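The values are calculated or read from the model by the stated rules, or taken from the named source; none is laboratory data. Quick caveat, the model's predicted, so the values are computed rather than measured. Every residue, glycine among them, receives a Cβ derived from its backbone with ideal geometry; neighbour counts consider all protein chains shown.
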Amino acid sequence: MNWLPTNGALHGVALDHLLAWNLAVIVGLCIAAHVLIVAAFLFRRARKSESPVASRTRANLRPHLLFEFVILIALTALYLGMDITGHKLWAAIREQPGSAQPIQVEVTGVQFQWYFRYPGPDAIYGATKPGLVSAPTGNPLGLDPADPHSADDIVSAILILPAGQPVNITLRSQDVIHGFFVPGMRLKQDAIPGMDGDLQFTPTTPGDYVILCSQVCGLGHSRMQAGLRVVPQAEFEKWLAAREQSILNTNAARGAQ
């Protein structure tokens, strides 16, 4: 479907096909409903001359009831088929392909900004405390410096991911409900305060993609945007190493003071 944003995710092709099929079914049902309305109108006009009593006999009503019953069964089967197909695709998206270890990224929404945290070489997220949250001083997520696991955590305002590598995202919100929406990756899931969301996907096409908020989260909702950059594996590792080195230099400078 050319009217959709360019797809950059492994599951995007199957999802686009499902969307096209659902739209075709809905359009077909809409046309069929209008045809039935017109047919019923013409049929009623043609039977105006009949006696009202004769038109309501059991023999005359039986074909109509049978027709309505068949339509009901067909619509129910169609709905169940579409529901099962959608659930199968949802399950396939959440099952990471291959044996590669997925990259862990924490995505936090806060009015009106997205923050992305990588757990660092120890693969463990450091503890956070609401009282330590302070974006102006460089701690937008409230990382606790007393926790050694937070020393190597990377916090970024842009999401960098390698192409072809499965990604596991933990969704969080600091204040209100935000909608993590990446049209180019066919991803959309709410970040709810007090709950950790879980989202999996595999980016396949290098490039830049926009990240939006799909929930009206306040007066600055329209400007709550961020970027997703999909790069080759080597470039991602280079970026990660540079950020780690920057963190080490910052920690060393603070320790020297």
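Within segment 188-209, being touching a residue at least 24 places away in the same chain (Cβ under 8 Å) and farther than 28 Å from Pro130 by Cα holds for Phe201, Thr202, Pro203, Thr204, Thr205, Pro206, Gly207, Tyr209. With respect to the conditions (1) aliphatic (A, V, I, L, M); (2) surrounded by 11 or more Cβ atoms within 10 Å (Cβ to Cβ); (3) in a helix (DSSP H, G or I), Ala234 lacks only one, and its number is (2). Within segment 216-233, residues that are at positive phi reach partners that are not basic (Lys, Arg) with beta carbons closer than 7 Å, at six or more positions or on different chains, in the pairs Gly218/Gln111; Gly218/Phe112; Gly218/Val176.
Considering only segment 184-192, I want to know if a residue exists there that is within 17 Å of Ala157 (Cα to Cα) and in a strand (DSSP E or B).
So in segment 184-192, the residues within 17 Å of Ala157 (Cα to Cα) come out as 191.
Checking the rest, the ones that are also in a strand (DSSP E or B) come to 191.
Yes, some residue in segment 184-192 is within 17 Å of Ala157 (Cα to Cα) and in a strand (DSSP E or B).
Being modelled with pLDDT under 90 and in a loop (DSSP other than H, G, I, E, B), is that true of even one residue in segment 216-229? Among the residues of segment 216-229, not one is modelled with pLDDT under 90 and in a loop (DSSP other than H, G, I, E, B), which makes the answer no.
All of Pro140, Pro162, Pro145, Pro136 fail the test of being in contact (Cβ under 8 Å) with a residue 24 or more places away in the chain and over 20 Å from Ile192 (Cα atoms), apart from Pro162.
Out of curiosity, is Ile160 of a type in the set (A, V, I, L, M), closer than 20 Å to Leu10 by Cβ and either touching a Cys at 6+ places or on another chain (Cβ under 6 Å) or modelled with pLDDT of 90 or more (or both)? The answer is yes for Ile160. On the stretch given as segment 110-125, residues that are assigned to a loop (DSSP other than H, G, I, E, B) and either under 26 Å from the mean Cα position of the chain (by Cα) or among the polar types (S, T, N, Q) (or both) total 7.
Run down Pro145, Pro193, Pro140, Pro183 and say which single residue is in contact with a strand residue (DSSP E or B) (Cβ under 9 Å, 6 or more places away or on another chain) and under 19 Å from Asn7 (Cα atoms). Even if it seems obvious, please write down each step before you answer.
Working: Pro145 fails: under 19 Å from Asn7 (Cα atoms); Pro193 fails: under 19 Å from Asn7 (Cα atoms); Pro140 fails: under 19 Å from Asn7 (Cα atoms).
Among Pro145, Pro193, Pro140, Pro183, only Pro183 is in contact with a strand residue (DSSP E or B) (Cβ under 9 Å, 6 or more places away or on another chain) and under 19 Å from Asn7 (Cα atoms).
A search for C-beta distances below 9 Å between a residue of segment 4-16 that is without any contact (Cβ under 8 Å) to a residue 24 or more places away in the chain and any residue that is polar (S, T, N, Q), counting only pairs 6+ apart in sequence or on different chains, returns Val13/Asn7.
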